[in-house]
Every structure is written in structure tokens, then in C-alpha cells.
There are 2 protein chains.
Amino acid sequence: MLHEDVVSRIRAILLDGEIPPGARIPERELCERLEISRTPLREALKVLAAEGLVQLLPHRGSRAAKLTDKDMRDLFEVCQGLEALAGELACERITDAEIDAIAAAHAAMVQHYRDGDLIQYYRGNRAIHEAIVSAAGNPVLAGLYTSVTARIRRARYVTPMTPQRWALAVKEHDAILNALQRRDGAGLSHILRAHLRHKREEVLQAGFAETEGGDLTLKIA
Amino acid sequence: MLHEDVVSRIRAILLDGEIPPGARIPERELCERLEISRTPLREALKVLAAEGLVQLLPHRGSRAAKLTDKDMRDLFEVCQGLEALAGELACERITDAEIDAIAAAHAAMVQHYRDGDLIQYYRGNRAIHEAIVSAAGNPVLAGLYTSVTARIRRARYVTPMTPQRWALAVKEHDAILNALQRRDGAGLSHILRAHLRHKREEVLQAGFAETEGGDLTLKIA
DNA sequence: TTTTACATTTTTGAATGCAAAATTTGCGAT
DNA sequence: ATCGCAAATTTTGCATTCAAAAATGTAAAA
């Protein structure tokens, strides 16, 4: 197995929450599971530590990183900035074909909203945001975005999705698509910021927290 | 020596240009120099690869990453976005003491400009930008900024600093300080963008390029 | 003289082994 | 029974070793 694959597989394990935040990462066990020895595993853990997904404690092993409220706020803030930038750049560079693809994804997402299928809605939502970042044509930006969103997603927060919030989010997405189609960079940037700010407020208001024990607390209204 | 120190020392070697872009990284030699064995060295190299400073080629060892023109453009674009965000956040959170410190650093930098001391000017310039990012109070943002600027600085480009350009840069810095003192986030963000855009134009117009051989070409007007 | 096939050397990537550090266990004292 | 302390065990971090892949050198053939 290639080095990068080892990193990806452990990343997936962390993102799936299989090893909860704050929990020790069982070296020996992971070695057996991935059928590799400790050397490549430890190399991967150090890479993931640099990414912020793993926390290394000298002579005390590695743990799945635990996010505080402040961490979450910081990550959202940066994510907002990155998406705003991506939006501006995307408007300068996006092709008609890419816009059409996003419009199609948008329509599908709206249908999931009408169907009340939250899971599929989230999936479509994420695909749209990723498509905008991709359309910015900046791999450096895309890389940072992936890393930051991975850390956010890692938290597996659940926010109470009220009909009002959901309707607002869909409305914002209409505006996002509209700005993209008009290639209005400043406008798109502005809408994306507001959209992310609302999402952040949701998450933090919902009372995001990761407890000492390693499992997460989800305060659902 | 601690893992993180190994990473830092190799990073420094790369940033100093001691191993030029595109050049192979001599494992055995570095091991002797840092007085460590291959295992911790290779762990560090993989971390630096994730950071974008090192390029890993399967079964062919590692090389100091080489930046293309496009990479440079992408990095500057992201840097611009990060600094703009930092400026906005800094205006919300910066303390009077921090503003005073930046004002002092600014005055010192202007004096270096009057003295025609380019090296010291650059040093002061960098300190101010870092202070603004730090004042944003967002460690995630600070981390990404450090990583991106390291990669840019890695290139050791030299731009022809004409008196006009230099004067403009100083003028922009006056505006930066002014916006900070007025805590005008939008204004500061705007000025920082322009400032970085000018710098990027300088660098790219100067004809940044990194040749195959490993050393860099500096086209100085 | 140039090119190609093959053997040798070097280098890479990963497993194992070993010493140091931390954690757990066991036992005696209170 | 509980607390404290020392021995035993486990785990970590790194050096070494080993197999496989790539690079290099050599010699024979065109």
C-alpha cells in the first residue's frame, strides 16, 4: 500500500468518527487492520498531526484531535474566507459547462429539500461548495479548503435543522447560483460569507462541544 | 531531538535555499548532519511533503519542491485572501497595545526605507504583516498563513525594487497602519489586497521561474 | 563507435529489534 | 479497605536490518 493511501485510510477512519475525538489511537491494532508495520503507520500519523487531525503527545502516543468551541469558530472563520476567495476567483474563471453542472447539482439539491431528504441535501450542498472551489482553478486554495472542511466535518456536529433555517439556506443557495451565473464575484463572495456565517452560528448556538471522554456531545434543541 | 525540531530544521534548510528547488534531498547526508537515523528523517520529509515544501516520488526519493509560475500565482492569490481576512479580523480584535507595537514597527520600517536599507526594510515589512495576522487571534489562519508564505519565500525571487515601487509600497503601508488605527476592517482588507496584488505583479513580471537544474533563474530588469 | 542486454551497486521503503519512558500491577503499611 | 510506592509490563521512539526497486557500470554485438 502506498504512503498516501495509508494517510487517506486513517483520515477516513478519523472522519468517520470510528476513533472518537480525544481517544487514543491504538497503534498495534491499526497496524494489524491495515496490514502494515509501525513505521509507515507512524509516518502517516505525523502527517495527519501536521494537518490537525491528530494530536501527538511526546512519549504518550497519539490521539484523535479534539476540537474546542474556539477551534470550531476559528475553522469556520477561515473556511468563510477561503470560500469567499474561491467564489471571486470562480466567477473570473468558471466555464459555461461548469456553471451548467453546478446548476444541475443545485436543482437536484432543491429537489432533495422538497423531498425533505436531509442526508441527500447535505451531500448535494457539499458537492456544490466543492465545485465552486474547484472552479476557482487554484489547487493551493483547494488543498487548504479540503483540509479545513475535513477538520470541521470531523466534529460530526448535528444542528437542529428547523424549517426556517433550511428554507433560508436554500434561498441563499439560489442567490449563490444566480451570482455564479452572472459571474458576479463580489456578490458571490458576499453571499457565501453570509451563508457560512449562518451555518457557523447554527453550529455554535447548537452548543458544539467535544467532551473529555472522547465521545461528542450533541445538544439538539 | 524532538520530531517537531527535526521538521523545523529541515524546513530551515529548504527555506535557506541550501537545498535548491528540484534538487534531490540526500537522505544519508542529512542523517549524519542532524545526527539522527533515517526513520525520523523520513517522517519529517513526509510532513514537509504534506506542507508542499518537499516532493515525494515513489521509489525515487524526495526532492525539494519546485515552484512553477502557476504555483507562484496560486500561492499569492491565497496569501492575499488570508491576509485580507486577517486584516478584517484584526480590526475587530486588536488591542491598543498591539496597534502601538505595529505603529512602532512601521516607523522603524519607514526609517529603513529612508536609509535605503532594503534588507532591514523587508524584515520589518514581514514583521508587520505577521503582526496583523497574529492580531487576528485565529491560530488556524496563522498556521495556514505561515505555510503559504514559507512556500512563497522559499522561491527566493528577487524583484527589481525601483524607487517608484518602493515609494508606493511604503505609501500603502501608511494606509495599512491608518486603517488599523481606525479599526476599519473593510478598508484594511482592501488595502492589503491591493498591496499583495502589487507584490505579486512585481514578482511575476520580474519573470519568476525555477529551472530544471535546481537553481533558480532570477531575471532582474 | 554506438547500442543494448545483463550484472552490480546503490537507494528506497518497510519490518524488526532494542533502549528509554510511561503506565499498570502488586504488595505492604496505615 | 485504601493509599503509597516499587516492580513488572506495555508502549513509545529510534536504530538497524532486510527485501525490492532503480540507477549505474560493463561487456558484447551491431
Given the C-alpha centroids of the stretch B:183-207 and the stretch B:33-71, what is the distance between them in whole angstrom? 31 Å
Would you jot down the residues in the stretch B:92-141 that end up with at least 30 Å² less accessible area in the complete protein assembly than in the chain alone, with a 1.4 Å probe? B:Asn138, B:Val140
Using only the Cα atoms of the protein assembly as shown, build the gyration tensor, take square roots of its eigenvalues as a ≥ b ≥ c, and label the shape rounded, prolate or oblate: rounded if a/c is under 1.5, else prolate if a/b is larger than b/c, else oblate. oblate
Sort out for me the Cα centre separation of the stretch B:112-180 from the stretch A:103-136, rounded to whole Å. 40 Å
Given a 1.4 Å probe and heavy atoms of the protein chains only, how would you sort B:Ser147, B:Ser134, largest accessible area at the top? B:Ser134, B:Ser147
Accessible surface ranking that places the most exposed of B:His190, A:His129, B:His112 first, with a 1.4 angstrom probe: B:His190, B:His112, A:His129
What shape does the stretch A:69-212 take by its C-alpha gyration tensor, where a ≥ b ≥ c are the square roots of the eigenvalues and a/c under 1.5 counts as rounded, a/b above b/c as prolate, and the rest as oblate? oblate
Only sites in a loop by DSSP and with at most 10 other Cβ atoms within 10 Å count here; which trypsin sites (Lys or Arg not before Pro) in the stretch B:1-104 make the cut? B:Arg60
For B:Val158, A:Val203, write out the residues from largest to smallest accessible area, computed with a 1.4 angstrom probe and no ligands counted. B:Val158, A:Val203
On the protein heavy atoms, probe 1.4 angstrom, tell me the percent of accessible surface of the stretch B:3-64 carried by carbon and sulfur. 44 percent
Can you figure out the FRET efficiency of B:Arg33 with A:Ala23, using R₀ = 51 Å and their beta-carbon distance, to the nearest 0.05? 0.85
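Express the carbon and sulfur contribution to the solvent-accessible surface of the stretch A:76-221 as a percent, rounded to the nearest whole number, probe 1.4 angstrom.
Carbon and sulfur atoms account for 55 percent of the accessible area of the stretch A:76-221.
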Keeping all protein chains in position, work out how much accessible area A:Tyr122 exposes to a 1.4 Å probe, and write it in Å² to the nearest 10. 80 Å²
Placing each pseudo-label 7 Å from Cα in the direction of the beta carbon, B:Met1 and A:Arg60 end up separated by a distance in nanometres of 2.5 nm
Taking the chain alone as reference and the full protein assembly as comparison, with a 1.4 Å probe on protein heavy atoms only, the residues of the stretch B:71-86 that lose at least 40 Å² of accessible area are B:Asp74, B:Glu77, B:Val78, B:Leu85
Using the Kirkwood radius over Cα pairs of the stretch B:48-90, the Stokes-Einstein translational diffusion coefficient at 10 °C and 1.306 mPa s, in µm²/s and rounded to a whole number, is 130 µm²/s
Could you work out the mean count of beta carbons from other protein chains within 10 Å of each residue's beta carbon in B:50-57? 2
Accessible area expressed per residue, the protein assembly as shown, with surrounding protein chains retained (probe 1.4 Å, Å²): 48 Å²
Mind giving me the FRET efficiency for A:Ser8 and B:Arg123? R0 is 51 Å, r the Cβ-Cβ distance, nearest 0.05 is fine. 0.80
What figure, in Å² to the nearest 10, do you get for the accessible area of B:Thr146 with a 1.4 Å probe and non-protein molecules left out? 90 Å²
Any lysines whose Cα falls less than 28 Å from that of A:Lys199, other than same-chain ones fewer than 8 residues away, would be A:Lys66, A:Lys70, A:Lys171, A:Lys219
With everything on Cα atoms, drop me the angle between helix B:96-115 and the longest principal axis of chain B, reported from 0 to 90° to the nearest 10. 80 degrees
If you take the accessible area of B alone, add that of A alone, and subtract the area of the pair, what total do you get in Å², probe 1.4 Å, to the nearest 100? 2400 Å²
Using only the alpha-carbon atoms, how far is helix B:139-153 inclined from the longest principal axis of chain B? Give it as 0 to 90 degrees, nearest 10. 70 degrees
Once you put a point 7 Å from the Cα of B:Gln205 and another 7 Å from the Cα of A:Leu15, both along the Cβ direction, what distance in nm separates them? 4.2 nm
Folded to 0 to 90 degrees: helix B:118-135 orientation relative to chain B principal axis, Cα: 80 degrees
In whole Hz, what ³J(HN,Hα) sequence does the stretch A:165-181 give by Karplus (6.51, -1.76, 1.60; θ = phi - 60°), x for Gly and Pro? 4, 5, 4, 4, 4, 5, 4, 4, 5, 4, 5, 4, 4, 4, 4, 4, 5
Heads up, the stretch A:3-64 by the C-alpha gyration tensor (a ≥ b ≥ c square roots of eigenvalues; a/c under 1.5 rounded, else a/b over b/c prolate, else oblate) looks rounded
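The values are calculated or read from the model by the stated rules, or taken from the named source; none is laboratory data. For clarity, every value in this text was computed on a predicted model and none was experimentally measured. Ideal geometry is used to build each Cβ from the backbone, glycine not excepted, and the neighbour counts take in all protein chains shown. Ligands, DNA and RNA are stripped out before the accessible areas are found, and what is left, the full protein with its side chains, is counted by its heavy atoms. Shrake-Rupley method; radii C 1.70, N 1.55, O 1.52, S 1.80 Å.
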